[in-house]
Amino acid sequence: MKKKMGSLLLSICLVTALLPTVAFAEGVSPLNTVTAGDYTAVDEAIAAIPPDLSLYTPASVQKVRDAVAAVNRELQDDEQSEIDGMAAAIRDAIGALEEDTAGEAQGCFRMSAATENLYITKTGYRWGDNSAETEYAGPYRLSGISDRYRVIVESGTHEITFFELDLTTGADEDASPVTIRGNASVNITLEGENRLENTMEEEFSDCAALNVTTDAALKITDQSTGNLRVVGQYGAGIGGSLGEGTGSIVICGGTVTAQSEGAAAIGSGLEGRNAKEITISGGTVIAESTQSGGAGIGGGDHGDSHITIIISGGSVSAEGGSQGAGIGSGHRNISRSDTIIGDVNVTITGGSVSAEGGSQAAGIGNGVLSNYSSDEITASADITITGGRVKAQADSESQSIGALSAEPDLSGYASYKWRTDEAGRYTVGHFVWNDDPCDAYVEIIPYVKSSGGGSASTDVPKVEVTDQEKVEITFTDVSEASYYYDAVRWAVEHGITSGTSDGTTFSPNDACTRAQAITFLWHAVGSPEPETECSFTDVPADSYYAKAVQWAVEHGITQGTGDTTFGPDAICSRGQIVTFLWRSQNSTAASDENPFDDVKAGAYYEDAVRWAVGNGVTSGTSDTTFNSAGDCTRAQIVTFLWKVLAEQSR
């Protein structure tokens, strides 16, 4: 059940491939065949970016990052001028890079120029173990590239900014690139792209990439606008090294991507003990433990399970190692005399959470307990979920979510179903997969009640429905007063969807992946057979969406997210879905009207949005906004399809 990192962001609102073929009027073909654009100039411009951006001001570096992030690899050969414009924007941003003289002030250290390790104490700093200390009260700014020297925070409370910091160790010694120890407390603000990694190749590293010892504390602040990638092995990405638990970890902002082998990606090291609390309240967190039995977030392989994890916000994706939980404890071998069995405490009150356990491990809860024979040995999991969007996936032999200590309050949710075990505890959620019960998946989706026919974040349909015979809608979460009622009914009539769960819900507020959105469109045009096999490396030949993706490629509806990738598990944005629909209609002429302030001239979706407005497909999320980057929900997608294709399918 292991997947690549990108597959952490799973969605289970699967589009069910069903029945009738949708017929188009004679002579009507909404499809065309085009060629992908040439991105050579874009790739050359990206290759020209200086390797050490820490030498330049953060503002000018951000313009380079923004220009790269704006590259859209979905464009076709008739849009070559826009592709060339992207390359020119990157070159212009590189040419506008400004040298950073502020980076030479006290407390601003470029590790590129380091000749010794940097030690920070409560009273100042020094270079090397035995050098004299310079008195300084902070704050600090660390930047630059080093494959040899590292940073050790020994004591005190500090504010530290990481700006384009790239530290790797392992060539000369097995050590953590950054260590926080000795009751030190550090608030880190992320700017730009940052990386910490132990690169030992001949044997596994024992050290965490960002080592937070059990007596120390780390906070990644909500002022963070950049990214941090941390890679450990027997030590965590962030947290404990081999044999260590983790100190307090709080993540409030930025984007943190953590990986480990044997340890938790975020949490304790392999065989770690006495972990402190891990709290996530904002930002984006992606955590993956690979190979051995560490948790994505929580305990390491063979460590104790005294783990407390609190998630109140942000976007969190966690994947456990081979027998570790996604969020919770790692694998534990009872035959080992040093194994400690304790409680896993997980509380989720907000945010978007996706957790996948390794083989036989819980998505949220406990990793595998092996080699035990006594009924007295149990591992409990105290899990409380009172808000947020939570998706947990486990091996079919395990619970997705460990036993809940009390009946969950489901008053704020529309899509759920729970069952109890013999002890009366509320355990795994229950969903239907291809009409067969499958206890390996659970999903809880917040229900947004609408008033006046729709919420402020949804499109209100303008198209009236004819008085044709209507299929009865039995979904408990689709009322006749909802703006998407007629669209859902049409989708059911034409076999585009049969709903989610056991067929009693539609889950209108669920966000859909790119794979699901393309499959919706493919079903809507009759599920035609593609002429060739799909060549994307992230689209398995036996996946439910393989034919849909290849059909879309053949007809110029999508060219993927890269030369060899489609990004099936990425959430489909509103800008992407209207672009898919526009291309399926031969990229027909767009309206001159663009009422939306957030749809900029030259954006890849600009013509598609103007076409959609001109044809009554969308009226935006407000009078002046379209929210092109926003997640597209199931309700919005079927409404878009209905408005574009309903007349053709009658």
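The values are calculated or read from the model by the stated rules, or taken from the named source; none is laboratory data. Please read these numbers as outputs of a predicted model, since none were measured by experiment. FYI the Cβ positions are ideal-geometry reconstructions off the backbone, even for glycines, and counts take in every protein chain you see. Only protein heavy atoms, including side chains, enter the accessible area calculation; ligands, DNA and RNA are left aside. Shrake-Rupley method; radii C 1.70, N 1.55, O 1.52, S 1.80 Å.
Taking segment 195-207 as the region of interest, how many residues are modelled with pLDDT of 90 or more and buried (at least 24 other Cβ atoms within 10 Å of the Cβ)? Steps first, answer last, please.
Taking segment 195-207 and keeping what is modelled with pLDDT of 90 or more, we get 195-197.
Checking which are buried (at least 24 other Cβ atoms within 10 Å of the Cβ) leaves us with 196.
Total meeting the criteria: 1.
Which residues, taken from segment 571-600, are among the small types (Gly, Ala, Ser) and at pLDDT 85 or above? Explain how you work it out, then say what you get.
Narrowing segment 571-600 to residues among the small types (Gly, Ala, Ser): 573, 575, 584, 587, 589-591.
Once the filter is applied, which keeps residues that are among the small types (Gly, Ala, Ser) and at pLDDT 85 or above, segment 571-600 yields Ser573, Gly575.
Suppose the filter is open to solvent by less than 10 Å² (accessible area, probe 1.4 Å), under 26 Å from Ser241 (Cα atoms) and either free of Cβ contacts under 8 Å to residues at least 24 places away in the same chain or not charged (D, E, K, R) (or both); does Ile90 pass it? Even if it seems obvious, please write down each step before you answer.
Working: open to solvent by less than 10 Å² (accessible area, probe 1.4 Å): yes; under 26 Å from Ser241 (Cα atoms): no; either free of Cβ contacts under 8 Å to residues at least 24 places away in the same chain or not charged (D, E, K, R) (or both): yes.
The answer is no for Ile90.
Suppose we filter segment 270-282 for residues that are open to solvent by less than 30 Å² (accessible area, probe 1.4 Å) and either over 13 Å from Gly232 (Cβ atoms) or in a strand (DSSP E or B) (or both); how many remain?
Qualifying residue count for the region: 5.
Conditions (1) surrounded by 24 or more Cβ atoms within 10 Å (Cβ to Cβ); (2) at pLDDT 85 or above; (3) not aliphatic (A, V, I, L, M), marked per residue:
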| position | (1), (2), (3) |
| --- | --- |
| Val316 | yes, yes, no |
| Gly326 | yes, yes, yes |
| Asn333 | no, no, yes |
| Arg336 | no, no, yes |
| Ile348 | yes, no, no |
| Ser352 | no, no, yes |
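Look at Arg126 and say whether it is under 16 Å from Leu165 (Cα atoms) and modelled with pLDDT of 85 or more.
On the way: under 16 Å from Leu165 (Cα atoms): no; modelled with pLDDT of 85 or more: yes.
For Arg126, the condition - under 16 Å from Leu165 (Cα atoms) and modelled with pLDDT of 85 or more - is not met.
One line per residue, one yes/no per condition, for (1) surrounded by fewer than 24 Cβ atoms within 10 Å (Cβ to Cβ); (2) more than 20 Å from Arg195 (Cα to Cα):
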| residue | (1), (2) |
| --- | --- |
| Arg229 | yes, no |
| Ala236 | no, no |
| Gly240 | no, no |
| Gly267 | no, no |
| Asp301 | no, yes |
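Looking only at segment 521-551, which residues are within 16 Å of Thr564 (Cβ to Cβ) and either polar (S, T, N, Q) or free of Cβ contacts under 8 Å to residues at least 12 places away in the same chain (or both)?
Thr532, Ser535, Thr537, Pro540, Ala541, Ser543, Gln550
Looking only at segment 317-333, which residues are hydroxyl-bearing (Ser, Thr, Tyr) and closer than 8 Å to Gly358 by Cβ? First the steps, then the outcome.
Step one: list which residues in segment 317-333 are hydroxyl-bearing (Ser, Thr, Tyr), which gives 317, 322, 329.
Across segment 317-333, the qualifying residue is only Ser322.
Yes/no per residue for (1) at pLDDT below 85; (2) of a type outside the set (S, T, N, Q); (3) more than 24 Å from the chain's Cα centre (by Cα); (4) open to solvent by less than 30 Å² (accessible area, probe 1.4 Å):
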site: Gly602; (1), (2), (3), (4): yes, yes, yes, no
site: Gly614; (1), (2), (3), (4): yes, yes, yes, no
site: Val617; (1), (2), (3), (4): yes, yes, yes, yes
site: Thr625; (1), (2), (3), (4): yes, no, yes, no
site: Ser628; (1), (2), (3), (4): yes, no, no, yes
site: Leu645; (1), (2), (3), (4): yes, yes, yes, yes
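Please go through segment 249-260 and pick out each residue that is open to solvent by 40 Å² or more (accessible area, probe 1.4 Å) and either more than 16 Å from the chain's Cα centre (by Cα) or at pLDDT below 90 (or both).
Matches in segment 249-260: none.
Of everything in segment 251-267, what is closer than 11 Å to Gly298 by Cα and touching a strand residue (DSSP E or B) at 6+ places or on another chain (Cβ under 6 Å)? Give them in sequence order.
Going residue by residue through segment 251-267, those that are closer than 11 Å to Gly298 by Cα are 263-267.
Across segment 251-267, the qualifying residues are Ala264, Ala265, Ile266, Gly267.
When you check Thr308 against the structure, is it open to solvent by 10 Å² or more (accessible area, probe 1.4 Å) and within 12 Å of Gly267 (Cβ to Cβ), yes or no?
On the way: open to solvent by 10 Å² or more (accessible area, probe 1.4 Å): yes; within 12 Å of Gly267 (Cβ to Cβ): yes.
Here the answer is yes, as Thr308 does meet what is asked.
How many residues does segment 107-134 hold that are crowded, with 17+ Cβ neighbours inside 10 Å, more than 23 Å from Ser185 (Cβ to Cβ) and among the hydrophobic types (A, V, I, L, M, F, W, C)?
Counting residues in segment 107-134 that are crowded, with 17+ Cβ neighbours inside 10 Å, more than 23 Å from Ser185 (Cβ to Cβ) and among the hydrophobic types (A, V, I, L, M, F, W, C) gives 1.
Starting from residues that are more than 26 Å from Val71 (Cα to Cα) and of a type outside the set (Asp, Glu), keep the ones in segment 91-107 and report whichever is modelled with the lowest pLDDT.
The extreme case among them is Gly103.
Can you tell me how many residues in segment 72-86 are in a helix (DSSP H, G or I), under 27 Å from the mean Cα position of the chain (by Cα) and closer than 16 Å to Val553 by Cβ?
Total satisfying the criteria: 0.
Hey, among the residues in segment 135-153 that are open to solvent by 10 Å² or more (accessible area, probe 1.4 Å) and over 23 Å from Gln233 (Cα atoms), which one's nearest to the chain's Cα centre (by Cα)?
Arg141
Name the residue that is nearest to Trp642 (Cα to Cα), counting only residues in segment 491-536 that are of a type in the set (D, E, K, R) and open to solvent by 20 Å² or more (accessible area, probe 1.4 Å). Please lay out each step first, then the result.
Of the residues in segment 491-536, the ones of a type in the set (D, E, K, R) are 493, 502, 510, 514, 529, 531, 533.
Of the ones still in play, those that are also open to solvent by 20 Å² or more (accessible area, probe 1.4 Å) are 493, 502, 529, 531, 533.
Values: Glu493: 11, Asp502: 24, Glu529: 22, Glu531: 27, Glu533: 29 Å.
Among those residues, the one meeting the criterion is Glu493.
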